[in-house]
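Contents: one structure, followed by commentary.
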Amino acid sequence: MKFSFVAAATAALSLSTLVSADGDRIAHARQAEKMKRVPQASSSSSSTSTLATSSKPSSTSNGISSSTTSGAPAAQTTPATVITIDPLSSITAGVATGPTLPLTTTYLPGATPPIEGAPPLPTFVFNKADWPDIDRIPPTDSDEVKEWMQELEGFDIPDLEIAVNGTCAANPQLAADAANRGWWTCGGYTRPTDITFCPDKLTWGMSFDDGPTPYTPQLLKFLTDQQLKATFFVVGSRVISFPDILREEYMSGHEISVHTWSHHTLTNLTNEQVVAELGWARKAIQDVLGITPTTMRPPFGDIDDRIRAISLAMGLQPIIWTRGPMNNQFDTNDWKVPGGEVTAPQAVQSFLDILNNATIIDTGFIVLEHDLFPQEVDLSVGYFLPAALGFTPKLDLKPIGTCQGWPETNMYLETTTNATFPYPDSPAASQATTTAQARATAVANAGGKGGSSSNGAVSRGSGVLGMVIGVVAVVAGVQMF
Ligand SMILES: *[C@@H]1O[C@H](CO)[C@@H](O)[C@H](O)[C@H]1NC(C)=O
Ligand SMILES: *[C@@H]1O[C@H](CO)[C@@H](O)[C@H](O)[C@H]1NC(C)=O
Ligand SMILES: *[C@@H]1O[C@H](CO)[C@@H](O)[C@H](O)[C@H]1NC(C)=O
Ligand SMILES: *[C@@H]1O[C@H](CO)[C@@H](O)[C@H](O)[C@H]1NC(C)=O
C-alpha cells in the first residue's frame with residue numbers, strides 16, 4: 001500500500017498558555033489544528049495489502065530481534081523484522097518519507113478475535129462513496145447521522161454554548177465558567193464518568209492516539225516483542241485508510257477505542273456534528289472489526305458536559321489522560337516534535353517528569369502519546385517505553401480498560417456481559433443483558449471468565465452517573481488533578 005502525506009489547510013501547531021478563572025496556570029489550549037499532514041491510503045487501496053518493506057537507514061539497533069508471531073489464526077505471515085532505534089538527535093521536525101515496517105500478519109475475514117464472544121472478522125471492502133470525506137467534519141444531513149441522532153433521545157444533553165475553535169483564549173466567558181461546564185480544556189475539570197487514571201498506583205494505562213498509520217506496525221512489533229498490550233484511540237479517517245493495521249492492533253489483543261472521524265475539537269461543534277464525528281468513527285471500526293467500542297477519547301481532551309452527555313448517550317465512555325499534582329498534563333508532547341515546537345530530548349524529558357510525578361500520586365496514570373507520525377513512534381519504541389520498562393520503582397504497563405479492572409469484554413458492545421457498564425441502562429448495558437442470556441443458553445459453561453475485580457478507587461457509582469451530567473451536577477462532582 002502506498003501512502004502519501006497530504007498537506008491540508010492550516011499547519012499551525014500552537015500552544016497557548018493561559019490563566020483560568022480560578023487562577024491556576026494552565027498550559028495548553030492546544031487547540032491548534034494538529035499539523036495536518038496525515039498519512040492517507042492511496043486511492044486504490046484494497047483491504048488486504050502489505051506495507052512497503054522496511055529496514056530503516058540503520059543506526060543503532062536495540063537488539064530486539066525477530067520473534068515468531070503469536071498464535072492467533074492468520075492466513076499470511078511475513079518474517080518479522082528487526083526494529084532499529086533512531087538516535088535521539090535524528091528524531092527531528094519535518095516530513096518523514098522513510099520506509100516503514102511491514103505487518104507481520106494479515107488477518108482474513110472469518111478469523112477469530114481474541115475476545116470472548118466477539119464475532120469473526122468481517123469482510124470490509126472500502127468504497128469511497130460510502131464514507132464522508134476523510135479528515136473533514138462529516139455532513140449532518142446524511143441518513144446515518146439522522147439515525148444516530150435518535151440515540152440522544154431520552155437523554156438530557158445540556159444546551160451549552162458552542163466554543164469558538166475550542167480554545168480558552170478565544171472563549172474568555174466560557175473559560176471563566178469552565179467549572180460549571182465541566183470543561184476539561186480550561187482547567188482540567190472532569191466528571192465522575194470520565195476515566196483519567198488507573199486505580200492502582202504505579203500502573204500505567206498505556207495508549208496511543210490518532211492512528212492507525214504506516215508507522216504503527218513498528219510500535220506493534222515492539223509491544224509484541226515486549227509482551228505488552230495498549231489501548232489505541234483510532235481516528236475513523238485513518239481506520240478506513242489502513243484497515244489492515246487496525247486489524248493487527250485488535251487481533252494482537254490491544255484495546256480499540258473511538259477517537260472521532262476527523263480529530264476536530266468537539267466543543268466547537270454542534271450536537272449533530274459531534275454525533276457525526278463519533279458515529280462515523282464508530283461505524284468505521286465496526287465495519288472493519290465487527291465490534292463497537294464502548295469508550296472514546298475526545299481529541300485534545302476537549303470535552304464539556306454537552307460532549308460527555310452525547311458520548312455517553314451513544315454508548316461511549318470518555319477516557320482522557322492524567323493531570324499531575326500541579327494540574328500538569330501527563331502529555332509527552334510527542335505531537336509537537338513533527339512540527340518542531342518541541343525537540344525530541346525535550347519530549348523525553350517530559351516523559352521522565354511524568355514518570356517521576358507518577359511516584360508521588362496516589363493512583364496509577366494515563367499518558368498522552370501518539371502513533372500518527374514516525375517521530376512519535378520512534379520516541380515511544382526507542383525512548384519512552386524502554387524508560388518505563390527500566391524505571392524504578394517498577395511500573396505495571398497495561399491497556400486502560402484492563403487497568404480499570406474491566407474484563408476485556410467490556411470494551412465492546414458485542415461482547416460485554418456487564419449489565420451496568422458503563423452505567424445502568426446504557427446501550428452497552430442493555431446489549432449486555434441480551435448477550436449474557438444468549439451466551440448462557442448457547443454454551444454450557446458460558447460467562448465463566450471475566451475478571452470482576454473492579455477497583456473501588458474509581459467508584460463510578462450508578463447514582464452519580466445517572467444521566468444528570470447536566471450543568472447542575474457541578475462542583476461536588478468536579479475533580480481536579
Ligand atoms: C482561535 O480564535 C482566536 C480568537 O478568534 C484566535 O486568536 C486563535 O488564533 C484561534 N486559534 C486557533 C487554533 O485557531
Ligand atoms: C467553530 O469555531 C469557528 C472559529 O474557529 C467558528 O467559525 C465556527 O462557527 C464554530 N462552530 C460552531 C458550530 O459554532
Ligand atoms: C512533575 O512534573 C512537573 C513537570 O510537568 C515537574 O516540574 C515536577 O518536578 C514533577 N514532579 C516530580 C515530583 O517529579
Ligand atoms: C460492571 O460495570 C460496573 C461499572 O463500570 C462495575 O462497577 C462493575 O464492577 C462491573 N462488573 C463486572 C462483573 O465487571
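Pairs are defined by a Cβ separation below 9 Å, a sequence spacing of at least 6 or placement on different chains, a first member in the range 206-231 that is surrounded by fewer than 24 Cβ atoms within 10 Å (Cβ to Cβ), and a second member that is among the charged types (D, E, K, R) and in a strand (DSSP E or B); the pairs so defined are Leu228/Lys398; Lys229/Glu255; Lys229/Lys398. For Gln317, the requirement of being away from ligand 4 (no atom under 16 Å from the Cβ), modelled with pLDDT of 95 or more, out of contact with any Lys or Arg (no Cβ under 8 Å at 6 or more places or on another chain) and among the polar types (S, T, N, Q) is not met.
Please find, within the range 142-173, the residue that is farthest from the chain's Cα centre (by Cα) out of those that are within 12 Å of ligand 1 (Cβ to nearest atom) and crowded, with 19+ Cβ neighbours inside 10 Å. Among those that are within 12 Å of ligand 1 (Cβ to nearest atom) and crowded, with 19+ Cβ neighbours inside 10 Å, it is Asn171.
Restricting Asn356, Asn418, Asn333, Asn410 to those that are within 25 Å of Gln227 (Cβ to Cβ) and either within 16 Å of ligand 2 (Cβ to nearest atom) or not acidic (Asp, Glu) (or both) reduces the list to Asn410.
For the range 341-377, the tally of residues that are within 20 Å of Leu389 (Cβ to Cβ), within 17 Å of the chain's Cα centre (by Cα) and not β-branched (Val, Ile, Thr) stands at 6. Of all the residues that make up the range 378-396, how many are surrounded by fewer than 21 Cβ atoms within 10 Å (Cβ to Cβ) and either within 18 Å of the chain's Cα centre (by Cα) or in a helix (DSSP H, G or I) (or both)? So the count comes out to 3. For the range 185-204, the condition of being closer than 14 Å to Gln273 by Cα and within 16 Å of ligand 1 (Cβ to nearest atom) holds for none of the residues. The condition of being farther than 27 Å from Trp261 by Cβ, at pLDDT 95 or above and touching a Lys or Arg at 6+ places or on another chain (Cβ under 9 Å) holds for only one of Gln329, Gln346, that being Gln346.
Can you confirm whether the range 343-361 contains a residue that is within 16 Å of ligand 1 (Cβ to nearest atom) and among the charged types (D, E, K, R)? Scanning the range 343-361, I find no residue that is within 16 Å of ligand 1 (Cβ to nearest atom) and among the charged types (D, E, K, R), so the answer is no. Under the condition of being in contact with a Phe, Trp or Tyr (Cβ under 8 Å, 6 or more places away or on another chain) and touching a residue at least 24 places away in the same chain (Cβ under 8 Å), which residue from the range 421-440 is nearest to ligand 2 (Cβ to nearest atom)? Step by step, filter the range 421-440, then rank; the result is Ala428.
Looking across the range 129-160 at every residue that is within 14 Å of ligand 2 (Cβ to nearest atom) and touching a helix residue (DSSP H, G or I) at 6+ places or on another chain (Cβ under 6 Å), the one that is farthest from Ala276 (Cα to Cα) is identified as Leu160.
The values are calculated or read from the model by the stated rules, or taken from the named source; none is laboratory data. Fair warning: this is a prediction, and the values are worked out from it, not measured in the lab. Cβ atoms come from the backbone with ideal geometry, glycine included; neighbour counts cover every protein chain shown.
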